[in-house]
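This report refers to the structure that appears directly beneath it.
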Amino acid sequence: MIEIPALMGLRMINDGSVSLLSTRFEEKTNVCTLSWQTPLSQDPPMVGFSLAPSSRSHDFLRQTGEFVLSIPDASLIAETHFCGTHTGKIVDKIRLMELRTMRARRVSPLLITNCIGHLEGVVRSWQPIGDRVFYTGEVLTALVEPDCFDAGWKDQAQTLHHLGGDLYRTAGGTLHAGKFPLPMSRTPQAGLFDNPREERFL
């Protein structure tokens, strides 16, 4: 993993790839999947993303104002889909999904090291829009796997693009998340989620 200029780091989400949002409050870390995020500004480098106000990520962001956007590749399709369709208020998604983490350089939320790129940032503003809350954040640090990125994602990066439901597109075609079941060790107990759509991303 190497550090690149924050402005260059915005290219990680230029293509509309899905990201994992990491937040942290009182030594507790949550991760959720974002399909609605976008670059907003070059100077300073800024991003925008929307969250459901009922989500744990929203709660943590309101408390700390710090986040990490980590970019998964197609090898994490099952974990990415789970983190976007289940709430962190009931289960520790990082532990259940066996996601690897490490400390970020400039913010308190953890990096998901299974991913191929990361944007560390701080919230600059937020406002309700319809049934969501839209956050704007300044990117402080950008980290990327050099084998996957050279002024933009290389073909082998295989970033995920959410099409709706359990459909994703990569450079190699369309994938159905339902065809990539989680190992039994990562499957939550039956009935744990009374409303699994509570934190569902779009």
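Some notes on this structure:
- Taken over region 109-120, the criterion of being surrounded by 19 or more Cβ atoms within 10 Å (Cβ to Cβ) and not in a strand (DSSP E or B) is satisfied by Pro109, Cys115, Ile116.
- Screening the candidates Ser55, Ser35, Ser70, Ser19 for the property of being more than 13 Å from the chain's Cα centre (by Cα), buried (at least 20 other Cβ atoms within 10 Å of the Cβ) and of a type in the set (Ser, Thr, Tyr) yields one hit, Ser55.
- Being more than 13 Å from the chain's Cα centre (by Cα), under 12 Å from Asn30 (Cβ atoms) and of a type in the set (D, E, K, R) is a condition met by no residue of region 106-113.
- Within region 73-93, if we keep just the residues that are touching a Ser or Thr at 6+ places or on another chain (Cβ under 6 Å) and among the hydrophobic types (A, V, I, L, M, F, W, C), the residue that is surrounded by the most Cβ atoms within 10 Å (Cβ to Cβ) turns out to be Cys83.
- The residue that is surrounded by the fewest Cβ atoms within 10 Å (Cβ to Cβ), counting only those in region 58-67 that are assigned to a helix (DSSP H, G or I) and of a type in the set (D, E, K, R), is Arg62.
- Qualifying residue in region 15-33 (condition: of a type in the set (Ser, Thr, Tyr) and closer than 20 Å to Lys154 by Cβ): yes
- Flag for Val123 being at pLDDT 95 or above and crowded, with 23+ Cβ neighbours inside 10 Å: no
- Any hit, region 73-86, residues being in contact (Cβ under 8 Å) with a residue 40 or more places away in the chain, assigned to a strand (DSSP E or B) and not aliphatic (A, V, I, L, M): yes
The values are calculated or read from the model by the stated rules, or taken from the named source; none is laboratory data. Quick caveat, the model's predicted, so the values are computed rather than measured. Ideal geometry is used to build each Cβ from the backbone, glycine not excepted, and the neighbour counts take in all protein chains shown.
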